[in-house]
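What follows is a set of notes on a single structure, which appears directly below.
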Amino acid sequence: MEINRREFAVIPAAALAGSLFAAAPDDVPWQRKIRRLGQLNMTEHDPVVLNVEEWADYWASLKIDAVMVSVTGIMAFYQTKVPFHRKGKFLGNRDFFGECCAAAKKRGMHVIARMSPDLNWEDAVQAHPEWFQRDAQGNPIHHREDARLFNTCMFSTYMTDYMPAIMKEINSLYDVDGLFTNAWPPLGAMPVCRCAECRKLPEPGTLAYWEKFNQRIVYLWKLYDSIAKEKKPSNFFFANLGGGIRSTADLVQLGELCEWFQCDNQGRGGDETPIWGCSLQGRVCNAVQKGKMATNVTAGWSTGVPRWRNVYKSPEEQQMWFDETLASGMVPYHHIVGGENGMGEDRRWLEPARKYFNWMAKHDVHFVNKRSIANLGVVMGQRTHLFYKPPTGTQMRQYMDGMYYALLEGRFLFDFVHEDKMAPEELRKYSALVLPNTALLSDEQCRQLRAYVDAGGSLLATFETSLYTELNQRRAEFGLADVFGIRKAGDMVSTNFNGYMARIEKPHPILNGFANTNWIPGAQNRVPLAPVDGPVLTVVPGFVGYPPELSYPPQSHTDEPAAVVREKGKSRLVYFPGDVERTMWTTGHTDLARLLQNSIRWVAGANPPVTIVGDGVIETFAWETQAGFAVHVLNYTNPAMHRGWIRDFYPIGPQKVSMELPKGRSVTRVELLRAEANIPFRVTAGKIEFTIPKILDYEVAAIHSA
Ligand SMILES: [Zn+2]
């Protein structure tokens, strides 16, 4: 351990726990004031190997505001009396939870009681067969990794009897500040259970099942929250969420009652996952519960397939995940597993997080965000991501991956907008919305988008956007046909070996940069449209790629539009009948990347609130903060951008930033938080301009403003 013990001698423990506590007004709930979270995920062995004082000192030295401490539900870390709450075999007579709780409290940290309602043992299966998930043959379902454990059913009394008994016991014994469940609600997919209760429900995986699934989540969430509040009114319940745009729980429903959005989004592996997974999660949080607490769990352990729970990952990869957490407006959470031998057999995961969190703590006021200042919205289509069946051989995530990449390459500042949050007051701040294959939209959502366009808003949509209702029923015509001025002229056409081409018919800003060519690539799949007046791009139908003797179009000119571009009053409208963003993602085609960026730029209009000019691939966020404004720049210019993990950072050079200043705001100082230096700036004609000389992995330009 390399704790600086002198620090503890001179600073009172309470002062260590978050510099904002003293400054923030009293009517802000405590959970909205936390800036850093920590968790050593406790193993059964920890009661005999973990030094509790050392554990608490470590978290205090990271200036952690709240720690997760394991109660569990699979195995008790205290002297429980709840039947089937099996005590860990190394627990003995100790009150391990109680000792940890007291040690954390002594150092001014809040304590969240962490439970896992997902698994229990054979003896519970014998006594309470109704608690467990069943397969089609009626057998209880073993846990996939350890066959001694069985999966519990969220529709059973396990959730309404057993878990509440543990929660009430914890309330009665300990000074906890909140109750938390890990592994529930289910994250990756909805459960498939054939127990007696579940047989009464609609078929798993359907929209009808999803409704019951969400009702159950809301019911249990409220139940657990009421139990949490029995302890103190300021206590509350929260649970693991995350899953990005593919979250299984209805995010808008949950966003209403969820005090704290806890994202179990711990990191990527060495697979082909882009680096921005954590930022994307932050955007999802902002879309559904603006202003409430959101934390992102970052694994110190090795995420991926296979994973190594007890070995540290690349420090650069972990650091980028922390960077994205902060940039996207979430609170960072350092997570390690097992405390043998002084906080793990691999202790390399201790120091980097301490260094990072202590740097962050010096600048807390700049990470307290009031609002995003982006004026471009990207509709995230949760229902589409859960229920839409994309063309054979394609994956739904490729649409957002492709659009996200285009947005980063074009250096756009954007927010996510959930399809259930498109009321006029939600959309007013956006000059344009992008709909990447947002196939499922209700009549009401189409009406909201129509009203948005009528009020001067601009839209860009692709492929099957609005071709299905919110219940995944196919429409005969696009729900937004009138808005884009399009008419469906047939069923989807897929091309496999040779994509269709798009013929340039006339100049248009969306075609900027295409010189000396008549054709650019179309996409892999498209919905044929009826002809429109004055098309900018038309379809050259697909033909064979091999043999090359036959690689020419039998029909070189058609009037089928490959893009429909319209202006209607102040609003600009672009519709691509092809899956251009997905095809760009899977082929990497630079023409499609250019076409998308040009199109987004055209619909977004002149005068973006922030521009950043310089080399490299970056992701940007800009916030109004407690101290003024903050422009966050993440440097993804890295060979590991599209495939984990980051091995090293590669600095980018000068980035010229220009930001519109709201009327009446003056600037006293621009401070680079990573470089820890003030830089020169200029305010002219309502804009502030400055240059960030160099960015390694991340920089925050904090604009001190009154
Ligand atoms: Zn069941």
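The values are calculated or read from the model by the stated rules, or taken from the named source; none is laboratory data. Keep in mind the model is a prediction, meaning the values are calculated, not measured. Note that we place each Cβ from the backbone using ideal geometry, even for glycine, and neighbour counts take in every protein chain shown.
Is it true that some residue in the range 447-460 is assigned by TED's automatic domain parsing to the domain that holds ASP401, within 29 Å of ALA630 (Cβ to Cβ), surrounded by fewer than 18 Cβ atoms within 10 Å (Cβ to Cβ) and among the hydrophobic types (A, V, I, L, M, F, W, C)? No, the range 447-460 has no match at all. Checking the structure you have, find out if any residue of the range 278-295 is of a type in the set (Gly, Ala, Ser), free of Cβ contacts under 8 Å to residues at least 60 places away in the same chain and either assigned by TED's automatic domain parsing to the domain that holds ASP415 or assigned to a strand (DSSP E or B) (or both). Yes, the range 278-295 contains at least one residue that is of a type in the set (Gly, Ala, Ser), free of Cβ contacts under 8 Å to residues at least 60 places away in the same chain and either assigned by TED's automatic domain parsing to the domain that holds ASP415 or assigned to a strand (DSSP E or B) (or both). If the requirement is being in contact (Cβ under 8 Å) with a residue 12 or more places away in the chain, touching a Ser or Thr at 6+ places or on another chain (Cβ under 7 Å) and over 24 Å from THR586 (Cα atoms), which of these qualifies: HIS334, HIS363, HIS418? Going through HIS334, HIS363, HIS418 in turn, the sole match is HIS334.
Exactly one residue out of GLU477, GLU505 is without any contact (Cβ under 8 Å) to a residue 40 or more places away in the chain, over 22 Å from VAL434 (Cα atoms) and either among the acidic types (Asp, Glu) or buried (at least 16 other Cβ atoms within 10 Å of the Cβ) (or both), and it is GLU505.
Filtering the range 183-227 to residues that are more than 16 Å from the ligand (Cβ to nearest atom), at pLDDT below 95 and buried (at least 16 other Cβ atoms within 10 Å of the Cβ) leaves only LEU187. In the range 89-106, the condition of being in a loop (DSSP other than H, G, I, E, B), within 26 Å of THR298 (Cα to Cα) and not charged (D, E, K, R) is met by no residue.
In this structure, does TYR162 turn out to be more than 11 Å from the ligand (Cβ to nearest atom), outside the structural domain of ILE227 (by TED's automatic domain parsing) and under 16 Å from GLY73 (Cβ atoms)? Please lay out each step first, then the result.
Values: more than 11 Å from the ligand (Cβ to nearest atom): yes; outside the structural domain of ILE227 (by TED's automatic domain parsing): yes; under 16 Å from GLY73 (Cβ atoms): yes.
Answer is yes for this residue.
Of the residues GLY686, GLY653, GLY664, GLY628, the single one that is in contact (Cβ under 8 Å) with a residue 40 or more places away in the chain, small (Gly, Ala, Ser) and surrounded by fewer than 21 Cβ atoms within 10 Å (Cβ to Cβ) is GLY653.
VAL483 - would you say it is crowded, with 18+ Cβ neighbours inside 10 Å, in a helix (DSSP H, G or I) and of a type outside the set (Phe, Trp, Tyr)? Spell out the reasoning first.
Details: crowded, with 18+ Cβ neighbours inside 10 Å: yes; in a helix (DSSP H, G or I): yes; of a type outside the set (Phe, Trp, Tyr): yes.
In short, yes.
Residues that are within 16 Å of the ligand (Cβ to nearest atom), crowded, with 22+ Cβ neighbours inside 10 Å and assigned to a loop (DSSP other than H, G, I, E, B) do occur in the range 128-139, at least one of them. Looking at this structure, is THR157 in the same structural domain as GLY38 (by TED's automatic domain parsing), at negative phi and not small (Gly, Ala, Ser)? Here the answer is no, as THR157 does not meet what is asked.
PHE180 - would you say it is in a strand (DSSP E or B), more than 10 Å from the ligand (Cβ to nearest atom), at pLDDT 95 or above and outside the structural domain of HIS110 (by TED's automatic domain parsing)?
Working: in a strand (DSSP E or B): yes; more than 10 Å from the ligand (Cβ to nearest atom): yes; at pLDDT 95 or above: yes; outside the structural domain of HIS110 (by TED's automatic domain parsing): no.
For PHE180, the condition - in a strand (DSSP E or B), more than 10 Å from the ligand (Cβ to nearest atom), at pLDDT 95 or above and outside the structural domain of HIS110 (by TED's automatic domain parsing) - is not met.
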